[in-house]
Amino acid sequence: MVERPTTPPPLQGPTAKEKKYDRQLRLWAASGQQALEDAKVLLLNTGPGVVGVETLKNLILPGVGDYTIVDDVDVAEKDLGVNFFLEESSLGKSRAEETCKFLQELNLEVKGHAIQKSVEAFVEKPTILDNYTLIILIGPTKASGLLENISQHAWKSSIPLFYVHCAGFFSHFSVQLPAQFPIIDTHPDPASTQDLRLLNPWPELLIFMREKVGNLPWLSDHEHGHVPYLLLLLHFLVVWKATRNGKPPASYSEKKEFAALVAAGARTNNAEGGEENFDEATANVLKSLNPPSISSGLRDVFEADDCKILKNDSANFWIMAHAIEKFHTANKGLLPLPGALPDMKAQSSDYIKIQNIYKAKARSDLAEVTAIVRQLEKDLDRRTPIEDKEIEAFCKGAQFVKLIKGRPLRVAKSTESLDWSDRAEVLSMELENQKMVGLDSLLPIYFAFLALDRHNDEISRLEQSRREPNPLKDIPGARDVSGAVFPSPKFAESAHFYTPAVNSEKDPKPWPRFDTPEARETFDNVVKELDRANGAELHNIAALTGGMVAQEVIKVITKQYVPVDNTCVFDGIASKTAVFNI
Amino acid sequence: MTTLANGPKPSRERWRYLDNFLNKPGPTSDPDWLPGEQTINGLETSKVLVIGAGGLGCEILKNLALSGFKDIHVIDMDTIDVSNLNRQFLFREADVGKSKAECAAAFVEKRIQGVKITPFNGKIQDKAEEYYMQFKMVVCGLDSIEARRWINATLVGMVDMENPESLKPLIDGGTEGFKGQARVILPTMNACIECQLDMHAPRAAVPLCTLATIPRQPAHCIEWAHIIAWEEHRKDEVLDTDDPEHITWLYQKALARAQEFNIPGVTYSMTQGVVKNIIPAIASTNAIIAASCCNEAFKIATSCNPWLQNYMMYSGDEGVYTYTFETEQKEDCPVCGNLAKNLTVNPNMTLQEFIDSLGERAEAQLKKPTLRTEEKSLYSQFPASLREQTAPNLTKKLSELVENGEEIGVSDPAFAIAFKYKLVFSS
């Protein structure tokens, strides 16, 4: 038997925490985990209250720092048939405290708080919201004006707000992000992040290319079959340009022709009848030979006023974006080289050499950007320098950074119509496009939830007017709504006349209203189904929606991946989702 | 505890929310559907089998219990690991090492009154057709394609056209990171898992010669340690990817090799990831996919609304995107189709090369196949005597063994049924 020395412990063995969170650290890494652990999430709960609790479950398990549940209901028997984080002994006790307790068991590293108050009482002083990183508000809210207050305060304080509806087979959530929500680490598909800069090679790369490919015809078969495809493309570009006034292949047909030129260089008198590296080279012609360009996401960033006009207190993101824009202009449209290299057929040492050439170039580009950043910091008299690793991350992901422009929630009120003029064109296109491909748009689901909000607002105002000596005069048809009980036929009716108003001066283009048969039919069905639900949550739909909301919350907190912008609906009958920018 | 058969009828107050959907029709429920007591009884007497008590399974058990199902069975052969705790919410640190099926069943039974959950700590292959016949439907939360294919083939094989009860809907979920899919399979009636197999192609393997002579990536060094170094130094031991000492050994071998070739980036975590083929998994994605599966199970069991036809894919990487569509049943599906599937092969390939390719082809993915034509055995893995007898065929060319267009039967110990392929020679 072979004698084997005992293995010493691993040099960087995982800690207990790394072991427990292993499967998620592979998605958002230590930086994302830290952001999650620093976050304080507030749940403003109401109604059957399952979707909010299910959302928290999915945040507590991965280790969110702190959660607070505001809920004034006592646990009733019907809660036990729909909410998993309650048990028999919870009956009659505070639902905030009981759900908080059973959620807490999931992860002892997380801090949970229960506040047995109505949402209305809790936000009496809205500044209390400033204690939280992110707010999840469950609709429909009970008190009139509450949603608007919370939305306005969150907007003013730049706290991300999620507004969620879940009833029967349908659900909806809207995300109110700050006016500018930039994301650097969007996790693009690795295949799309390659920037090999083959049309703009630099001296070190060309020198190495000549060293390896200069005598291509005289290489041994083994060497010839192991020339990295990237060097082959560079070599054949030189050959091509020599006969084309120094111009690289640009059009599709030129690239096809170029690919044929490359393919013709392969040796075929072997067992395989070709060479793998040449196959890789021809396969990469179309995607590797594009002149430098920038994504629409990055263009949005460059064109934002915050990027153009820097201030002493500009966010780090804008200082770096400005620096990258300067680099981009100075380098004739190039972005800092990300430095990553795809795998390719090659000898180990050649591959590592090329990798090092790319890394060195990425470092020198980074140094150039960093120098610009430091100069800007000096000019703006900023005290705290941006960390090097932050600049590095921006340089690596520059092409894929994204700026989400947050918008305030649309609040449906019984006293006035929403002004849709700024969105009429987009929503109109949504309805048209879906119709053209023979599908029903899910947009009416969102409008049905708005109608529900509007109806609740009306009831709440009516209740208020009953309590107060001077009844409010601004309730249209308030007397028709008899009592505070959910009058279901009234709800449907209330929904029907809720058609978004269009300002014909601001938006002269006509767009389909709910009067169109398709939208109307979907809308009617959703309203009937919501009427059937009568305010009930189905556990499955609450769990599913809680999963979707939690994914989005994690993306917002970690500032990784790309969150929904800004409204998402789920249809549990057809098993479909849709996202609208409302 | 409430008893199902003879005890007093428990109050429906607890199920007030659920009953809104079981007592009233909706705009899209079938006009012939009868809501009310019959539907509720049907739901409560439907026996459901859950396969897997992991990330999806924990969610599925909770969801089914809160959908009004009363008689649930769950199978899982695994024990609880500390890395499960970030999403498998029925387990606590003190449960590490215990059976997943037993732990999950006990937890849900304790939490939700009146539900009976019967665990089985073992493999699905341990159970026979009679066992599967007792269920109304099967909900799968698995991470292995092989187990999915086994249960799929078994349920398709059980369908007896004379007996409608023999058709067991199979609802299957899967996740990876922020993505996942849910599908509804009515065996023999619509596309089965085998029909959709090419949508889940295995990852291309790195050629052995790259690992052995020209590594370039950290993963190449790890695979070298995994496949080559272990065999060279510790071939008498079975590699246990859950044993930290084994992973540490592989990590250090990989690291040394990477240093030799100046390849940066080998870490312990990456070693573990490559060797165990770890797929990132989070609670929220499991919640979405499991709930989608249970939503379909609930609709099928109660008919309160139409169910999914037949595939939903979900992606949360960039915003939220779902694609819901109907996958087609394949006439030449080796499991539920009538025709043999065409496989285009190079006639100069040896039988051994062909067998290796069956493991990698997206449409086959068979690791230990036994092959025969109508009249003769080409290669048999078992018994040993037959293997010896057929081994000489391995080095023969396909063209020496079969005719162009000839049908072959392929069986594999991982599956209950034989696959039919028609070999078509490439020109």
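The values are calculated or read from the model by the stated rules, or taken from the named source; none is laboratory data. If you're wondering where the values come from, they're calculated on a predicted model, not measured in any experiment. Please note: Cβ atoms are built from the backbone with ideal geometry, for glycine as well, and neighbour counts cover all protein chains shown.
On the basis of being buried (at least 16 other Cβ atoms within 10 Å of the Cβ), out of contact with any Gly (no Cβ under 8 Å at 6 or more places or on another chain), at pLDDT below 95 and within 21 Å of A:Leu376 (Cα to Cα), does A:Asp313 make the cut?
Numbers: buried (at least 16 other Cβ atoms within 10 Å of the Cβ): no; out of contact with any Gly (no Cβ under 8 Å at 6 or more places or on another chain): yes; at pLDDT below 95: yes; within 21 Å of A:Leu376 (Cα to Cα): yes.
Taking the combined requirement at face value, the residue does not satisfy it.
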**Request:** Go through the residues of the stretch B:251-260 one by one and say whether even a single one is more than 10 Å from chain A (Cβ to nearest Cβ), more than 23 Å from A:Ser349 (Cβ to Cβ) and of a type in the set (S, T, N, Q).
**Result:** no
**Request:** Among the residues of the stretch A:533-582, write down those that are at the interface with chain B (Cβ under 7 Å from one of its Cβ atoms), in a helix (DSSP H, G or I), aliphatic (A, V, I, L, M) and over 19 Å from B:Thr175 (Cβ atoms).
**Result:** A:Ala533
**Request:** Those residues that are within 13 Å of chain A (Cβ to nearest Cβ) and not polar (S, T, N, Q), I need them from the stretch B:45-63; list them, please.
**Result:** B:Gly54, B:Gly55, B:Leu56, B:Cys58, B:Glu59, B:Ile60, B:Leu61, B:Lys62
**Prompt:** Does B:Ser144 meet the test of being under 16 Å from the mean Cα position of the chain (by Cα), within 30 Å of B:Cys336 (Cβ to Cβ) and more than 13 Å from chain A (Cβ to nearest Cβ)?
**Reply:** yes
**Fill in**
Within the stretch A:346-376, restricting to residues that are farther than 30 Å from A:Phe278 by Cβ and in contact with a helix residue (DSSP H, G or I) (Cβ under 7 Å, 6 or more places away or on another chain), the one that is surrounded by the most Cβ atoms within 10 Å (Cβ to Cβ) is A:Val373
**Request:** Mind listing just one residue for me: the one in the stretch B:162-203 that is within 14 Å of chain A (Cβ to nearest Cβ) and either in a loop (DSSP other than H, G, I, E, B) or of a type in the set (Lys, Arg) (or both) and, of those, farthest from B:Asn286 (Cα to Cα)?
**Result:** B:Arg203
**Complete:** Scanning the stretch A:377-396 residue by residue, those β-branched (Val, Ile, Thr) and surrounded by 16 or more Cβ atoms within 10 Å (Cβ to Cβ) turn out to be A:Ile386, A:Ile391
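Looking only at the stretch A:286-299, count how many residues are outside any loop (DSSP other than H, G, I, E, B) and under 21 Å from A:Leu230 (Cα atoms). So that I can check it myself, show each step before the final result.
Going through the stretch A:286-299, the residues outside any loop (DSSP other than H, G, I, E, B) turn out to be A:286-288, A:296-299.
Next, from what is left, pick out any that are under 21 Å from A:Leu230 (Cα atoms): A:286-288.
Total meeting the criteria: 3.
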**Item:** Scope the stretch B:332-369; condition buried (at least 19 other Cβ atoms within 10 Å of the Cβ) and either on the phi > 0 side of the Ramachandran plot or among the small types (Gly, Ala, Ser) (or both); matching residues
**Value:** B:Ala364, B:Gln365
**Request:** From B:Ile278, B:Ile282, B:Ile355, B:Ile300, grab the single residue that is more than 10 Å from every other protein chain (Cβ to nearest Cβ) and under 20 Å from B:Gly173 (Cβ atoms).
**Result:** B:Ile300
**Request:** Return a yes/no flag: does the stretch B:377-399 have any residue that is touching a Phe, Trp or Tyr at 6+ places or on another chain (Cβ under 9 Å) and closer than 13 Å to B:Val345 by Cα.
**Result:** yes
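What strands (runs of 3 or more DSSP E), lying completely within the stretch B:354-426, carry at least 1 residues that are within 16 Å of B:Ala340 (Cα to Cα)? Before you say what the answer is, go through the steps one by one.
On the way: elements: B:370-373, B:377-379, B:407-411, B:419-425.
By residue number, B:370-373, B:407-411, B:419-425.
Conditions (1) within 30 Å of A:His226 (Cα to Cα); (2) away from chain B (no Cβ under 14 Å); (3) assigned to a helix (DSSP H, G or I); (4) of a type in the set (Gly, Ala, Ser), marked per residue:
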residue: A:Pro342; (1), (2), (3), (4): yes, no, no, no
residue: A:Arg374; (1), (2), (3), (4): no, yes, yes, no
residue: A:Asp381; (1), (2), (3), (4): no, yes, no, no
residue: A:Thr384; (1), (2), (3), (4): no, yes, no, no
residue: A:Lys389; (1), (2), (3), (4): no, yes, yes, no
residue: A:Phe394; (1), (2), (3), (4): no, yes, yes, no
**Asked** Could we say that B:Thr344 is in contact with a Ser or Thr (Cβ under 7 Å, 6 or more places away or on another chain) and either under 30 Å from A:Thr186 (Cβ atoms) or among the basic types (Lys, Arg) (or both) here?
**Response** no
**Item:** Count of residues meeting criterion [assigned to a loop (DSSP other than H, G, I, E, B) and aliphatic (A, V, I, L, M)] in the stretch A:261-285
**Value:** 3
**Message:** I'd like to verify a number: residues in the stretch A:33-91 that are buried (at least 19 other Cβ atoms within 10 Å of the Cβ), of a type in the set (D, E, K, R) and within 13 Å of chain B (Cβ to nearest Cβ), how many?
**Reply:** 3
**Residue pairs meeting the criteria (Cβ under 7 Å; at least 6 apart or on separate chains; first farther than 22 Å from A:Leu137 by Cβ, in the stretch A:66-94; second hydroxyl-bearing (Ser, Thr, Tyr))** = A:Lys78/B:Tyr17; A:Gly81/B:Tyr17
**Asked** How many residues, within the stretch B:112-130, are over 19 Å from the mean Cα position of the chain (by Cα) and surrounded by fewer than 20 Cβ atoms within 10 Å (Cβ to Cβ)?
**Response** 5
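When you scan the stretch A:100-176 for strands (runs of 3 or more DSSP E) that lie fully inside it, which ones turn up with 2 or more residues that are closer than 17 Å to A:Asn45 by Cβ, among the β-branched types (Val, Ile, Thr) and in contact with a Leu (Cβ under 6 Å, 6 or more places away or on another chain)?
Values: elements: A:111-115, A:134-138, A:161-167, A:170-176.
Fully inside the stretch A:100-176 and qualifying: A:134-138.
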**Message:** For the stretch A:92-105, give me each residue that is surrounded by 23 or more Cβ atoms within 10 Å (Cβ to Cβ) and facing another protein chain (nearest Cβ under 10 Å).
**Reply:** A:Leu103
**Single condition B:Trp150 does not satisfy, out of (1) surrounded by 17 or more Cβ atoms within 10 Å (Cβ to Cβ); (2) away from chain A (no Cβ under 14 Å); (3) not in a helix (DSSP H, G or I)** = (3)
**Item:** Of residues in the stretch B:316-327 being of a type in the set (D, E, K, R) and surrounded by 12 or more Cβ atoms within 10 Å (Cβ to Cβ), the one nearest to B:Glu176 (Cα to Cα)
**Value:** B:Asp317
**Request:** Looking only at the stretch A:203-260, count how many residues are closer than 16 Å to A:Glu275 by Cα and outside any helix (DSSP H, G or I).
**Result:** 6
**Request:** Could you list all residues from the stretch B:7-66 that are touching a Lys or Arg at 6+ places or on another chain (Cβ under 7 Å), touching a residue at least 60 places away in the same chain (Cβ under 8 Å) and outside any helix (DSSP H, G or I)?
**Result:** B:Gly26, B:Pro35, B:Ser46, B:Lys47, B:Val48, B:Ala53, B:Gly54
**Message:** What are the pairs with Cβ atoms under 7 angstrom where one residue, in the stretch B:312-327, is facing another protein chain (nearest Cβ under 7 Å) and the other, located anywhere, is crowded, with 18+ Cβ neighbours inside 10 Å and of a type in the set (Lys, Arg)? Sequence gap at least six, or different chains.
**Reply:** B:Thr322/A:Lys576; B:Thr324/A:Lys576
**Request:** Could you please let me know if A:Ala362 is among the aliphatic types (A, V, I, L, M), closer than 24 Å to A:Ser192 by Cα and without any contact (Cβ under 8 Å) to a residue 40 or more places away in the chain?
**Result:** yes
